[in-house]
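Read the structure below first, then the notes.
What follows draws every value from the coordinates through simple rules; no lab data is involved. Treat the numbers as computed from the prediction; the structure is a model and nothing was measured. Heads up, the Cβs are rebuilt from the backbone with ideal geometry, glycines too, and the neighbour counts pull from every protein chain shown.
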Amino acid sequence: MGRQKLNYRGISERQSLTHLISGNVDQPFLEEIGKLEELERLELEWPMVAKDLTPLLALTKLTFLSIDTPRNISDFRPLLDLPALRTLIITDAKKMEDLSWLSRAHHLEVIGIEGGTWSAYNIPSLSPLAGLKSLRAFLGVSTELADKSLQPLADCPSLEYLRIACVAPKAQFEQLNAAKPDLICEWFRPAMWKTVKSV
């Protein structure tokens, strides 16, 4: 459902919904979504114009959340209080300064921090992800890694899959592969994908 004027009104009454895909979500629409207590999967597609994510905290059964172009949000910490959340993918978050808010995301199994189609997202460092106990996959397509270090991911004991833009020297991928030999790692260069390790 894409928002057109007030066409979203009443959606909160559809309490049997477990999966919702919505676009152009503003704050009143997000508040309606926050009343869908049975939701397990929520995809907020471009553009996401709401300013406050706290209405989502009522979605205690939500396991999957993706947010595309949250142009007005800088604080994503409330999402870590979703008890069932296991997959979180955020695309083109222009006001997200860094990944420090993810340092306690030990319950997340899949984290995606991705840039937009025409602009990469600058990640200062992956250090906040170091040691995340449940992290199985990290997706960082269309990103630039400022410190060019992948080593924090070597400290994620459950990591199985990495898909990231080619923002680090090849040696970084080789060192990560040496530390985690079963890791499936894909890195992107213009006009090609290269698989460093596959099983």
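Quick notes
- Lysines whose Cα lies under 27 Å from that of Lys170, excluding same-chain neighbours fewer than 8 positions away: Lys133, Lys148, Lys180, Lys194, Lys197
- Within the same chain, lysines fewer than 8 places from Lys35 are excluded, and of the rest, those with a Cα less than 25 Å from its Cα are Lys5, Lys51, Lys61.
- Under 14 Å from the Cα of Lys94 - aspartates and glutamates, other chains or at least 8 residues apart: Asp68, Asp75, Glu114, Glu144
- When Rg and Dmax are taken over the Cα atoms of the stretch 117-191, they come to 11.6, 34 Å.
- Here the Debye sum runs over all C-alpha atoms of the stretch 1-138 as equal scatterers in vacuum, and log10 of I(q)/I(0) at q = 0.10, 0.12 Å⁻¹ comes out as -0.31, -0.45.
- Helix 170-179 and the longest principal axis of the C-alpha atoms of the chain enclose an angle of approximately 90°.
- Averaging 1/r over each pair of different alpha-carbon atoms in the stretch 1-77 and inverting the result gives 12.2 Å, the Kirkwood hydrodynamic radius.
- Qualifying chymotrypsin sites (Phe, Trp or Tyr not before Pro) in the stretch 103-138, where qualification requires a DSSP coil assignment and no more than 12 other C-beta atoms within 10 Å, comprise Trp118.
- For the stretch 13-44, trypsin sites (Lys or Arg not before Pro) meeting the loop criterion (DSSP other than H, G, I, E, B) and having at most 15 other Cβ atoms within 10 Å: Arg14, Lys35.
- For the pair Arg104 and Gln151, the difference between a 0.36 nm per residue extended length and the Cα-Cα distance amounts to 15.1 nm.
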